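Before any comments, here is the structure.
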Amino acid sequence: MADLALLWHMHQPDYRHPETGQFVLPWVLLHALKDYTDMAGHLERHPGVNCTVNFVPVLLEQIEDYCAQLQSRQWRDPLLRILDAPSSQALSEADRTWLLDSAFHCNSPTMLEPFAPYRRLRDLANLLRDQDDDALHYLADHYFTDLATWYLLAWSGETLRRAGGIITELMAKGSEFDQQDRQRLLAELTRILTSLIPRYRALAESGQIELSCTPSHHPLAPLLLDFNVAREALPECPLPSAPAYPGGRSRVAAQLEAARSSHQRRFGQLPSGLWPAEGALSTAFLKQIAEAGFAWTASSQGVLKHSAGDAANVAIPWQAPEGTPGDITLFFRNEALSDMIGFEYAKWHGRDAAEHFMREANALHGQDPRNLIPVFLDGENAWEYYSYNGWYFFNNLYAALEQSDTIRTVTLSQAAAAHRDRRVRLPRLTAGSWVFGTLSTWIGSPDKNRAWELLCTAKQCTDRVLDSGRPSAERRAQILRCLSGCESSDWFWWLGDYNSPHAVASFDLLFRDNLKALYRLLELPVPASLEHPISHGGAAESAGTMRRAVPLETPEGDQ
């Protein structure tokens, strides 16, 4: 039988303001309610499907933060604060503005248009905006509590809707949600969020799934180690003026160790495998992964092609190049099949998409029954483009996989063991990621390079203060944690004119706020340059969350 190795990567950057702890954006809450819940539910309904689920520690930490808020009712997210507001209490202007700015950001055809009461709320806001901004003051507080309720209902998972209960009841009621309705919804959110991490741990303990990790705050590790590796796959790539990120090796080691510690604490055992942030690998980073004790890691087909030629086969695992410590196994994703899930199947009926996937997988089995089929992709962002959040696709695909006598689903550790004798030695590793097989999404443009320069300067200041020995142990830990947040790959992903101005502004500001917080922890003046935006964006509102692995005009693609 051919082995299908699915990996679902779950990641959100830290959306909390680094000094107040307030959530600036609600995406962890919304994806937890819709996607992390549904992905667990699909697996629980289909116990014969094995796969790997990858969690980034900073995402798990934020889920736990939401659990603490829901249990204490001490709100750090404006969406929950608005939902909990007593009917007799007037909402603040800041909360009203925030909600109007946020609550309609979704894939409208699948998440807003199907719900007439939600549409009415949007249409009313648009009607008043067409008059002038002051007209929005005519909206009563119950408009905003209805809007907060619908924002959460629209982002509820299909498994929750089909289970009945308060979510189904409120969707049927449609409007005029009173305080009792909203308190019942908060109680349901508490149940959902507090059970989420334990559900995945239970799936792992049953042997159905493998849980893997990513360095703590999702850094683009190859670039932390050496900017020049960006030119291995893209020789003309412009680089920042700073020669290198100071002390990158120790920072990568710290983020790897933090990830292992997080995994042990939350899931009861150390992880065997690591999905690098953005599937980005380099020779130096691979050595650190191996030295940290990981048995497998993975990247994209584009990286494999740049490393071993166009004919290199993703249907086998690979052995690390000579000189890599230990005996780590590398997997490279099948970009054609991964991209079909990430970008194309959302346009199909779920059953047709599942049948097509099975035909493609069976064709690979027909070529060689020993083939490995590595399908790795984002486990959260694609589903809002599917009708019913992908319910019919997953239901049909997982059922077909359970019944197949040609395709077997495996975790990546199982694949490493089963295909160990088929490994081929990688001649070299050309640095790259799952986007275009290069690192150009995170470095090379003026905006991205400017962000690296600001980060390098902040790191130099950090090193000088820490080397002085002045900070206490507690302050030192705060500084290093803030630095980890500044090193997230997401800041560099969003900077650029191919993303929407709204999204770019949010991430640009949060990156600069993290750098400002770092300077304040260091008790140093905040550079005036951090008061000015780095990037302004310019693409359509829907751009940003996903990227194809290769440009659309070529035969293959992905997110």
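Placing +1 on the Cβ of every Lys and Arg and -1 on the Cβ of every Asp and Glu, with no other charges, gives the chain a dipole of roughly 1420 debye about its Cα centre. Here is the tail figure for the range 72-170: Cα pairs spaced more than 15 Å apart come to 64 percent of all pairs. Decide, for the range 52-119, between rounded, prolate and oblate: order the square roots of the alpha carbon gyration tensor eigenvalues as a ≥ b ≥ c, take rounded if a/c falls under 1.5, and otherwise choose prolate if a/b is larger than b/c, else oblate. Taking the square roots of the gyration eigenvalues as a ≥ b ≥ c, the range 52-119 is oblate. Among rounded, prolate and oblate, which fits the range 84-137 when a ≥ b ≥ c are the square roots of the eigenvalues of its C-alpha gyration tensor, a/c under 1.5 means rounded, and a/b larger than b/c means prolate? Since a/c reaches 1.5 but b/c is at least a/b, the shape of the range 84-137 is classed as oblate. Classified by the C-alpha gyration tensor, the range 288-376 has a prolate form. Its axis ratio a/c, with a ≥ b ≥ c, is 1.5 or above, and a/b is larger than b/c. The count of lysine pairs in the chain whose Cα atoms are under 26 Å apart, excluding pairs fewer than 8 places apart on the same chain, comes to 8. Taken along its principal axes, the alpha carbon cloud of the range 92-232 reaches lengths of 55, 43, 29 Å, longest axis first.
Counting only protein heavy atoms and a probe of 1.4 Å, the accessible surface of the range 205-291 is 49% carbon and sulfur.
Sorting 15-21, 419-425 by their mean Cβ neighbour count within 10 Å, with the most densely packed peptide first, gives 15-21, 419-425. Think of a 1.4 Å ball rolled over the protein heavy atoms: the range 131-173 then has 41 Å² of accessible area per residue. Each residue of the range 152-209 gets 83 Å³ once the volume of the Cα convex hull is shared out per residue. The orientation-averaged projected area of the convex hull spanned by the Cα atoms of the range 425-538 comes to 9.1 nm². Extension gain, Gln403 to Arg129, is 93.3 nm, computed as 0.36 nm per intervening residue step minus the present C-alpha separation.
Label sites at Glu236 and Ala311, each approximated as a point 7 angstrom past Cα along Cα to Cβ, lie 3.0 nm apart. Label zone of Phe115 (point 7 Å out along Cα→Cβ, amide N under 12 Å): in the range 154-181 this covers 154-158, 161, 167-175. Taking all protein chains as shown and a probe of 1.4 angstrom, Thr462 keeps an accessible surface of around 0 Å².
Multiplying each eigenvalue of the alpha-carbon gyration tensor of the range 283-322 by 5 and taking the square root yields semi-axes of 20, 11, 8 Å, largest first, rounded to whole angstroms.
Taking the Cα atoms of the range 1-50, the ratio Rg/Rh between the radius of gyration and the Kirkwood radius comes to 1.17. Electrostatic bookkeeping for Lys173 treats Lys and Arg as +1 and Asp and Glu as -1; over the other residues with beta carbon under 15 Å from its beta carbon, the sum is -2.
In the range 124-187, the C-alpha radius of gyration followed by the widest Cα-Cα span (Dmax) gives 13.9, 42 angstrom.
Once the Cβ-Cβ distance of Arg351 and Asp463 is raised to the sixth power relative to R0 = 51 Å, the FRET efficiency obtained is 0.35. Per residue, the convex hull spanned by the alpha carbons of the range 247-295 comes to 72 Å³. Its Cα gyration tensor gives the chain an equivalent ellipsoid. The semi-axes, each the square root of 5 times an eigenvalue, are 36, 31, 22 Å from largest down.
Based on alpha-carbon atoms, the Kirkwood radius and the radius of gyration of the range 239-335 give Rg/Rh equal to 1.00. Here the chain carries DSSP beta bridges of which approximately 15% are antiparallel, counting only pairs with both residues inside.
Other residues whose C-beta falls under 12 angstrom from the C-beta of Gly293 contribute a net charge of -2, scoring Lys and Arg +1 and Asp and Glu -1.
Across the range 97-234, the mean sequence separation of Cα contacts (distance under 8 Å, 6 or more residues apart), normalised by length, yields a relative contact order of 16 percent.
Can you tell me the order of 277-286, 338-347, 181-190 when each peptide is scored by its average per-residue count of other Cβ atoms within 10 angstrom, highest first?
The most tightly packed comes first, giving 277-286, 338-347, 181-190.
Alpha-carbon geometry of the range 254-409: the Rg and the Dmax are 17.4, 48 Å, given in that order.
The values are calculated or read from the model by the stated rules, or taken from the named source; none is laboratory data. Owing to the predicted nature of the structure, the values given are computational and were not obtained by experimental measurement. For neighbour counting, all protein chains shown are included, and Cβ atoms are generated from backbone atoms with ideal geometry for every residue, glycine included. Just so you know, the surface numbers come from the protein's heavy atoms only, side chains and all, with ligands and any DNA or RNA stripped out. Shrake-Rupley method; radii C 1.70, N 1.55, O 1.52, S 1.80 Å.
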